[in-house]
Each structure stands twice: as structure tokens, then as C-alpha cells.
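Notes follow once the structure below has been shown.
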Amino acid sequence: MRTLPWVAVVAVALVGCKTPEPPQGPLGGASKPDVAEASQFAPLPAVIEVASNARTPEKVALGRMLYYDTRFSSDGTVSCYVCHPLHDYGTSHRAKGVGHDHLQGGRNDPTVFNAAGQIAQFWDGRAPDVETQALGPVLNPVEMGMKDGTAVVAVINAIPGYADAFRKAFPNETDPVTFENFGRAIAAFERGLTTPARWDRYLAGEPMALTAREKDGLKTFVAVGCASCHNGTYVGGSTYQKAGLVQPWPDQHDPGRFQVTKQATDRMVFKVPSLRNIDQTWPYFHDGSVERLDDAVRMMARHQLGKELTDTQVTLIRGWLHSLTGEVNREYVDEPVLPPSPAGVRAPAGSPMASS
């Protein structure tokens, strides 16, 4: 608005052999959904793993602390959580992000839930993974505003509790307190930010997980053409697309991916967002210009597909989208106890720990 087809296991019965029972899904139902259109999607993994950044309890615990800690911003007021509150589906509900000293960013804050499995990070895809993405906002002059990675490391080293946590998280490294490990720890935590939904139970073989009307909404979503971009595990997040593919986007001030690639064909191109938890992550689009989900559905159909949807179509699609709203693991996202700042410690100029 990613495609992983369901694989049918066909058993060929030989003479005198009993035909095997259909394979069972993890929830005990038939492994194939009862609506053919569901073949364009796949269930969400419990954790989004990557071999290059193996998750350990110590690394995840460190990442959780760093995610919540405002001391890694130039004025001591901004953390990852401030812009991406985990108890509210990872979005601030502001049209544009707000950073230190109340500076306003240029784009809407996308949710961090289920983001680690997508093709890239940020609306323009400038970070290939969450490990790289985690290093961006802390140095962004509008967001957290730290001078450089050295300044971030200086704050870490000034807090004894963090130095010990980094050693435990990266036990095989001689010097574990690095800016890169700052990002890797946050990413390890974010790779556990998944929200399994009724939709996943349905894909796993529980036909009653969706109502008949929600299944009609799925069929409508596919028939209209939305699934050409919004498909796969994350119902989007796997491709880039031009905003205003058929009809020009109303506001063309933001050139999108062009800022990254400098290719003319990437002007107004953005990462296709995941639709998981979409009814909880307003306002919508890169510019945060739309508050209501029904309006967003109509705009997508008009500008991307050249279609005007009926009220019934919009209602059905919105109903199915509601089944994508998942459960937030409250224990996993709850705010941790942060290591205290030692009294009398001076940090480098520009650090929130610096003496006035």
C-alpha cells in the first residue's frame, strides 16, 4: 500500500500405504488458511534474529537501558523511548518527530515494533538494519544532538554501571565500550519488539481467529490491489514505492529516497510501511498528514492505484487491518532501572552530564 508463499505438502499415496494426515500448524489447526488470498502473507517470528548480532540476555538488557536513557541526548531530555514509546505501539502520534530543545524533524516517526525484519530502516531506507539505524538519531542534530560517537562513549564511561553492563554484553571484546556496540545493544533489544496478532494465529492454521467479515476484508484488500505492495510477513516493509504512483502526492516537498541515492527515479520514493498495528500508529504516511485510517486507505487507493473505493470497501479493509494489531509484551518493554550518574562527574562539553 513482502511475499512468502505458503508451501503445500502433497503426499502421494502408494498402494497399500495410508495417506498421511495434513500437516498441523503450531496451534493445532490445518496448516493452510481457508482464504486463498492469505497465501501472499506469512506469520510473524517471535524474535527477528540475525547472525551478525547474536542476542543474549545481557545484551538485550543493556539495549533496553540504552533505549530508555535520556542522558545520551544533548539536553538530557530525549531517548529512543521519547519518540517511540513502547507502551503505545512505538509511535509518538505526532505528525513530525520532536527532538532536543523542541526541534522538529522532517518526517513522521515510524513505529519500532516489527521494524527489524524490514528491508531497511527510516522512510528513505538510508540504514540497512536496526544496528545501523540505532546510531543515527543519537547524532542527528535535530533528534538527540550528541556531537559524535566519541561523546556518546564518554557518557558511557562516566557511568560505572554502564561500563560493567557493556563488559557482560560483549564478553569476548577487549574494549567493549564502543559506539558500534551502543547500536548493537539497542538493536538486540529491538529485535525482540514483535507483536503477534490474531492474524498470525490465522496464518498458522486457526481459521476461527478471523471473523467472516475480516476474511471478506482480506479478500477486498487483495482484490483492490493493496497487496501488490503490502504483503509478506510484515504486510509491507519489503519494497520501495513512489508516493503518488498514479496521481501526484499532495505534498511533494520531501524528495524521499532521492536524498540517499541522488537518482532521479527515486524522487518521492519511500519505503512501503508495514501495516502491522496500523490502527494504533496514526498519523499516517511519511509526512504524518492523515489522522484517520479510513482516509489513509482512500488516499492509498486513489494515489497509488487510481481507484476510488466505496464506503463498504473501506470498512471491510479497515476491519481486516484491525486483525493485524498485535500484543505488546509488557514485561519485555517495561522501563528498566538505569545505572545512576556518579556525583561530581564531569562529562565532555555538550553532554547532558556536563556541569554548568
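Below, the figures for the structure above:
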{"item": "Euclidean distance between Cα centres, the stretch 42-69 to the stretch 302-327, Å", "result": "32"}
{"item": "Highest to lowest packing among 305-315, 239-249, scored as the average C-beta count within 10 Å", "result": "239-249, 305-315"}
{"item": "Exposure of residue 238 as accessible area (Å², to 10), given a probe of 1.4 Å and all protein chains", "result": "30"}
{"item": "Fully extended contour minus Cα-Cα distance, from residue 327 to residue 172, at 0.36 nm per residue", "result": "52.3 nm"}
{"item": "In sequence order, calculated HN-Hα J values of the stretch 279-285 (Karplus, 6.51, -1.76, 1.60; Hz; x Gly/Pro)", "result": "7, 10, 10, 6, x, 10, 6"}
{"item": "Listed pairs 59/168; 242/271; 147/262 exceeding 18 Å between Cα atoms", "result": "147/262"}
{"item": "Carbon plus sulfur fraction of accessible area for the chain, probe 1.4 Å, in percent", "result": "56"}
{"item": "Sequence-distant aspartates and glutamates (8 or more away, or on other chains) whose Cα lies within less than 13 Å of residue 96", "result": "109, 143, 254, 287, 291"}
{"item": "Cα gyration tensor, the chain - rounded (a/c under 1.5), prolate or oblate", "result": "oblate"}
{"item": "Modelled FRET efficiency - R0 51 Å, residue 251 with residue 208, Cβ distances, 0.05 increments", "result": "0.75"}
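The values are calculated or read from the model by the stated rules, or taken from the named source; none is laboratory data. Please read these numbers as outputs of a predicted model, since none were measured by experiment. Note: ideal-geometry Cβ built from the backbone for every residue, glycine included; neighbour counts use all protein chains shown. Only protein heavy atoms, including side chains, enter the accessible area calculation; ligands, DNA and RNA are left aside. Shrake-Rupley method; radii C 1.70, N 1.55, O 1.52, S 1.80 Å.
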